[in-house]
Amino acid sequence: MATLRDCVYGQAVGDALGVPFEFRARDSFCCSDMVGHGTHDQPAGTWSDDTSMALAICDSYRQLGRIDTQDIRRRFCDWYGHDAYTCDHLFDIGNATATALRLGHGLSGERDNGNGSLMRTIPLAFAGTTDDEVVAVSAITHAHPTSTEVCVRMVRAARELIAGAAPRKVAAAYGVDVKKSREAVRSGGFVRDTFDAALWCLANTDNYADCVLLAVNLGDDTDTTGAVAGALAGIVYGEAGIPQAWRDRLRGTGIIDACLF
């Protein structure tokens, strides 16, 4: 059965693959390996806010053995203000997340439905969280019902994958048209689009590498689509299914290992 380590390493690798290409249009580049520089001028193997925030949640649960949103918020602020849970330093943060952390409460407007809470959500599938707890963790930054409900659905889908359900069956059960064309898959920052894109990539590949490369090469929000698809693919294929060369190039593995529960 899949472990949290499988999931988080899957996420971190997918995230790092996507970092150099963030904001680039589909088919204006080709990601085939883990490289550096690009959009954020980071060394190869560097993961972004997606993995940092997931690690903050994991570390909180590791230390407390329960979901405590105030503690998680504090760790998010340590990341935002003091570079905690990063390979080197913070270089990417969503507008809604930054605003919510400055204000001290999640944003709940219709336009506040980016994927900033979804990207950190999948590890909650291993923490025995209730739906209400998933909602509360999302609402630290993204409190609109659209965002919180998608996070709940993602944790449920992840748990089905952990239990051994087939990816195509899970994707279809959560409303993803697994037969739609690549051109019809949206890969921007809207939370529902990221949910659909990650599950579509998982459903249309049969190994970790193909899944995350398909996700990153959709373009636009490449690190987050790669991170979410990577977390799901990590669950399905395990850490051993991640190419060794990418695992070797991944930075900050000591930070990751210290946060796992």
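What follows is calculated from the coordinates using simple rules that are stated; it is not laboratory data. Remember, it's a predicted structure, so these values are computed and weren't measured experimentally. Every residue, glycine among them, receives a Cβ derived from its backbone with ideal geometry; neighbour counts consider all protein chains shown.
Number of residues in region 95-135 that are assigned to a helix (DSSP H, G or I) and touching a His at 6+ places or on another chain (Cβ under 7 Å): the value is 1. Counting only residues that are part of a helix (DSSP H, G or I) and within 16 Å of the chain's Cα centre (by Cα), which one in region 136-148 is farthest from Ile93 (Cα to Cα)? My answer is Thr148. Scanning region 55-74 for residues that are under 13 Å from Tyr85 (Cα atoms) and either touching a residue at least 24 places away in the same chain (Cβ under 8 Å) or hydroxyl-bearing (Ser, Thr, Tyr) (or both) yields a count of 7. Of all residues assigned to region 175-182, at least one qualifies as being closer than 16 Å to Gly219 by Cβ and not basic (Lys, Arg). For Ala157, indicate whether it is in contact (Cβ under 8 Å) with a residue 24 or more places away in the chain, within 29 Å of Cys31 (Cβ to Cβ), within 19 Å of the chain's Cα centre (by Cα) and not in a loop (DSSP other than H, G, I, E, B). For Ala157, the condition - in contact (Cβ under 8 Å) with a residue 24 or more places away in the chain, within 29 Å of Cys31 (Cβ to Cβ), within 19 Å of the chain's Cα centre (by Cα) and not in a loop (DSSP other than H, G, I, E, B) - is met.
Among the residues of region 29-54, those identified as free of Cβ contacts under 8 Å to residues at least 60 places away in the same chain and surrounded by 15 or more Cβ atoms within 10 Å (Cβ to Cβ) are Val35, Gly36, Gly38, Thr39, His40, Gln42, Ser52. Please tell me if Asp112 is free of Cβ contacts under 8 Å to residues at least 40 places away in the same chain, among the acidic types (Asp, Glu), in contact with a helix residue (DSSP H, G or I) (Cβ under 8 Å, 6 or more places away or on another chain) and within 23 Å of Phe23 (Cα to Cα). Criteria met by Asp112. In region 177-195, the qualifying residues are those that are among the hydrophobic types (A, V, I, L, M, F, W, C) and closer than 22 Å to Asp15 by Cα, and the one that is surrounded by the most Cβ atoms within 10 Å (Cβ to Cβ) is Val191.
Within region 208-230, the only residue that satisfies the criterion of being part of a loop (DSSP other than H, G, I, E, B) and among the polar types (S, T, N, Q) is Asn217. Just one of the listed residues (Arg5, Arg26) is farther than 15 Å from Ile255 by Cα, surrounded by fewer than 22 Cβ atoms within 10 Å (Cβ to Cβ) and touching a residue at least 24 places away in the same chain (Cβ under 8 Å), namely Arg26.
One line per residue, one yes/no per condition, for (1) part of a helix (DSSP H, G or I); (2) out of contact with any helix residue (DSSP H, G or I) (no Cβ under 8 Å at 6 or more places or on another chain):
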site: Thr39; (1), (2): yes, no
site: Leu55; (1), (2): yes, no
site: Arg62; (1), (2): yes, no
site: Arg66; (1), (2): no, yes
site: Ile72; (1), (2): yes, no
site: Arg75; (1), (2): yes, no
site: Gly81; (1), (2): yes, yes
site: Ala84; (1), (2): no, no
site: Ile93; (1), (2): no, no
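If you go through region 41-53 and keep only what is assigned to a loop (DSSP other than H, G, I, E, B) and not aliphatic (A, V, I, L, M), you end up with Asp41, Pro43, Gly45, Thr46, Trp47, Ser48.
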